[in-house]
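A.B. asks: The structure under discussion is supplied below as structure tokens; questions concerning it will follow.
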Amino acid sequence: MIGNSSFEEKEKAKNELTQRLYNHYESLSDHKKEVLKNFEKEKTVEQIQAIELVNHEINTIRKEMQLESFDIPAENYHIVDQEFYEHNFGENSWATMYFHGQIIFFNEKNVNKDLLLFASCALHESLHLQGHITLEVNNDENKGTRVTSFRKGVSVYSTQKKHTEGKSSKHFIGLQEAIVSQQEKNSFSSLIDCPLFEKEKENLFSEKAEKFKDELVDQYPNVQREEITFVSEDGKDFGFMGYKDQRKVLNLVCTKIFEKFPEQFATHDDVFKLFLKAQFTGQLLDIARLTEAVFGEGSFRILGGMNITADSATQTLESLGIESTS
């Protein structure tokens, strides 16, 4: 918590956030309850079971890092009407998460196609929601108490004062998506072997689907064959892991750190786990020191400037002096 508000005001903001997590529906306003009543689609039994598996997977990771585990209740996951979703959140995402509401929304059009696809999206957004958060709580004589996010996972946002002055900024957005989507990819191999997804796994690796995958990777250069998570019966619709370019930067950074400090890390994945732990804890010092020890002073700031575009990822590699094969 940061800001000029009293300890009591900050505790109130913290408690309200906790209420939105563990007493989610009760914490919603009457208007929001009415909106959900009109636009939310009921989750299937299998989707609720998939959410339970996602929570178990993330908690297993947290326990390995000696972090406290907790479940995101199924009621915090909302599958909503396509028109409502795209009007509020855009057409380019299948799911989205809001820290302040402790809520995850899914576009019915996409996630109801395939149970494994739903689980993969739920895992990605849950990793975001389980990330560290630092609130800024300030008292304003005219506007009262204002609560905003200063930290979300590894990302850092400008203060309320900077925002008011028109100097808004955000850092480590690309790195955060790289961390989350890389763990989504790592965990996908665990999820797909669960009996709940037996039919989806069979479909994904069927002879017909394998042929479609060959066609898809030829048609879409940004799609890697092993990262395709869903293929429709006619091969015209598919799902795949996102943020390929940002993950490439993160993996190359981890590789260079591993090569520099072989006595400190047994595997490349051990380096990645430090970045993932920072997403959960918000503690950036360890990964900052390692990055700057390998790439020089100011390099962690360069990594923090990476956004979610492919051009930004390429520029980050160039600025860090990393040569890469596509």
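A.B. asks: Can you tell me which residue in the range 270-317 is surrounded by the fewest Cβ atoms within 10 Å (Cβ to Cβ), limited to those that are more than 18 Å from I173 (Cα to Cα) and without any contact (Cβ under 8 Å) to a residue 12 or more places away in the chain?
C.D. replies: Only one residue fits best here, namely E297.
A.B. asks: Please specify each residue of the range 134-172 satisfying the condition of being more than 20 Å from S6 (Cβ to Cβ) and in contact (Cβ under 8 Å) with a residue 24 or more places away in the chain. First the steps, then the outcome.
C.D. replies: Here is the first cut: in the range 134-172, the residues more than 20 Å from S6 (Cβ to Cβ) are 151-158, 162-172.
Scanning the range 134-172 gives R151, K152, G153, V154, V156, H171, F172.
A.B. asks: Can you work out which of the residues in the range 29-68 that are free of Cβ contacts under 8 Å to residues at least 60 places away in the same chain and among the aliphatic types (A, V, I, L, M) is surrounded by the fewest Cβ atoms within 10 Å (Cβ to Cβ)?
C.D. replies: V45
A.B. asks: How many residues are over 23 Å from K260 (Cα atoms) and not polar (S, T, N, Q) when one looks only at the range 307-322? If you could, list the steps in order and put the result at the bottom.
C.D. replies: Our first condition is that a residue be over 23 Å from K260 (Cα atoms); within the range 307-322, this holds for 307-312.
From what's left, not polar (S, T, N, Q): 308, 310-311.
Residues in the range 307-322 being over 23 Å from K260 (Cα atoms) and not polar (S, T, N, Q): 3 in total.
A.B. asks: Now for a different question. Scan (1) in contact with a His (Cβ under 7 Å, 6 or more places away or on another chain); (2) more than 19 Å from Q182 (Cα to Cα) for the single condition T255 breaks and write down its number.
C.D. replies: Status for T255: all satisfied but (2).
A.B. asks: Output the number of residues of the range 216-236 satisfying the condition of being assigned to a loop (DSSP other than H, G, I, E, B) and among the hydroxyl-bearing types (S, T, Y). Spell out how you get there, then give the answer.
C.D. replies: Taking the range 216-236 and keeping what is assigned to a loop (DSSP other than H, G, I, E, B), we get 220-224, 232-236.
Now drop any that are not among the hydroxyl-bearing types (S, T, Y), which leaves 220, 232.
Number of matching residues: 2.
A.B. asks: Considering the range 206-222 alone, what residues qualify as being under 27 Å from the mean Cα position of the chain (by Cα) and either of a type in the set (D, E, K, R) or modelled with pLDDT of 95 or more (or both)?
C.D. replies: Passing the criteria: only K213.
A.B. asks: Shifting gears a bit: Name the residue that is farthest from F188 (Cα to Cα), counting only residues in the range 107-129 that are of a type in the set (A, V, I, L, M) and under 9 Å from the mean Cα position of the chain (by Cα).
C.D. replies: Residues of the range 107-129 that are of a type in the set (A, V, I, L, M), as a first pass: 111, 115-117, 119, 122-123, 127, 129.
If we keep only those that are under 9 Å from the mean Cα position of the chain (by Cα) as well, we get 123, 127, 129.
Numbers: L123: 9, L127: 13, L129: 18 Å.
Among them, the one singled out is L129.
A.B. asks: Do any helices (runs of 4 or more DSSP H) lying entirely in the range 1-53 carry at least 1 residues that are at pLDDT 90 or above and hydroxyl-bearing (S, T, Y), and which ones are they?
C.D. replies: By residue number, 7-22, 24-27.
A.B. asks: I've got another one for you. In the range 69-96, what count of residues is obtained for those that are surrounded by 15 or more Cβ atoms within 10 Å (Cβ to Cβ) and within 23 Å of F240 (Cβ to Cβ)?
C.D. replies: Total satisfying the criteria: 11.
The values are calculated or read from the model by the stated rules, or taken from the named source; none is laboratory data. A quick note: this is a predicted structure, and the numbers were derived from the prediction, not measured. Glycine also receives a Cβ, built like all others from the backbone with ideal geometry; neighbour counts cover every protein chain displayed.
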